[in-house]
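Input: a single structure, listed below in C-alpha cells.
Derivation of every value follows stated rules applied to the coordinates shown; laboratory data play no part. Just so it is clear, the structure is predicted and the values come from calculations on it, not from any experiment. When we count neighbours, we look across all protein chains shown, and the Cβ atoms used for this are built from the backbone with ideal geometry, even at glycine.
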Amino acid sequence: MPTLVLLRHAKAEAAGPSDFERKLSAPGRSQARRVAAHLVAAGLAPDVVLCSAALRARQTWEQVAAGLTERGHPGEPVVHVAEELYSARPQTVADLVAAHAAGEVTLVVGHEPIMSMTAAALAGPESDEVALMSAQVGIPTATAAVLEAGAWADFHLSGASVVRLRDLLRTPVD
C-alpha cells in the first residue's frame, strides 16, 4: 500500500544568516536521528525522499538516513531536494508527490505549517480522528504524519479523498 510520510524538520537553531540557512540545534540532530527508529518500527523506510532545500530540512534527512543505516536499513532511496518545499502550499506538495513518488514509501521532509496543512488536506473520512485533529492544529518538530492510499494517484487534493491519515509519529526533543 503506498504510504506518504510528511515529516516536519527537527528542532533548529533560533537564528541563522537567514531563515533558509538555519541549521539544526544539537538536540535537533539527536531528535532527527531518533526519527529513524520510529520509521523502522513502523516499517516505513523510504524508497523516495522529497526534501526541502532549506538547511535544517536537509540536515534532518541526513540524520534520519544515518539513523536508518545504524538500524540496518542502509538502502539508497532516491532523494529529490526541492526549493519549492520551503514555502509550498498543499497543492505543491501533492504535485511533487505525483511527479516523484514510487515504491511503497515516499518521505517528504518539510516545514510547518505546510506539513500539517497537507496532511489535513489529503486526509479522508477514514482517517484516525486524533491524528487528524492534531494535524489540523499543527505538528511539532520531528513529527511525521503517515498517510495511506490504494495508489500513488490517490494522493491528490481534488474530490473525495480515499487517503487515510493513519498516525502521527512524534519524536520529542531530549
| Can you give the helix-only mean residue ellipticity at 222 nm for the chain, where every DSSP H stretch with n ≥ 4 adds -39500 (n - 2.57) and the sum goes over all residues, rounded to the nearest 500 deg cm²/dmol? | -11000 deg cm²/dmol
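Normalised by the empirical 2.2 N^0.38 Å for globular proteins, what value does the Cα Rg of the stretch 96-153 take?
For the stretch 96-153, the normalised Cα radius of gyration is 1.11.
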| query | Size of the dipole of the stretch 14-78 about the Cα centre, Lys and Arg at +1 and Asp and Glu at -1 on the beta carbon, nothing else charged, in debye to 20? | reply | 260
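Where does each of 109-115, 129-135 land if you order them by average Cβ count within 10 Å, highest first?
With the highest mean Cβ count within 10 Å placed first, the list reads 109-115, 129-135.
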| query | Considering only DSSP beta bridges with both partners in the stretch 3-169, what is the antiparallel share in %, to the nearest 5? | reply | 40
| query | Size of the dipole of the chain about the Cα centre, Lys and Arg at +1 and Asp and Glu at -1 on the beta carbon, nothing else charged, in debye to 20? | reply | 480
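Full-extension gain between residue 128 and residue 53, please, as 0.36 nm times their residue separation minus the C-alpha to C-alpha distance.
Details: separation 75, 0.36 × 75 = 27.00 nm, distance 3.05 nm.
Going from the current span to full extension adds 23.9 nm.
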| Which of the following values of P(r) over Cα pairs in 10 Å bins from 0, in percent was calculated from the structure shown: [x] 11, 44, 37, 8, 0; [y] 8, 35, 37, 14, 4, 1, 0; [z] 9, 28, 39, 21, 3? | [x]
| query | Could you give the alpha-carbon Rg of the stretch 1-63 over 2.2 N^0.38 Å, rounded to two decimals? | reply | 1.17
| request: Round to the nearest 0.05 the FRET efficiency obtained for residue 13 and residue 102 when R0 = 41 Å and r is the Cβ-Cβ distance. | output: 0.75
| message | Can you compute the label reach from residue 78? Point 7 Å from Cα along the Cβ direction, backbone N cut-off under 13 Å, restricted to the stretch 41-58. | response | 47-50
| Could you give the angle, 0 to 90 degrees to the nearest 10, between helix 90-100's Cα long axis and the longest principal axis of the Cα atoms of the chain? | 90
| request: Taking the dipole about the Cα centre of the stretch 40-174, with the C-beta of Lys and Arg at +1 and of Asp and Glu at -1, give me whichever of 42, 137, 93 is farthest to the positive side. | output: 137
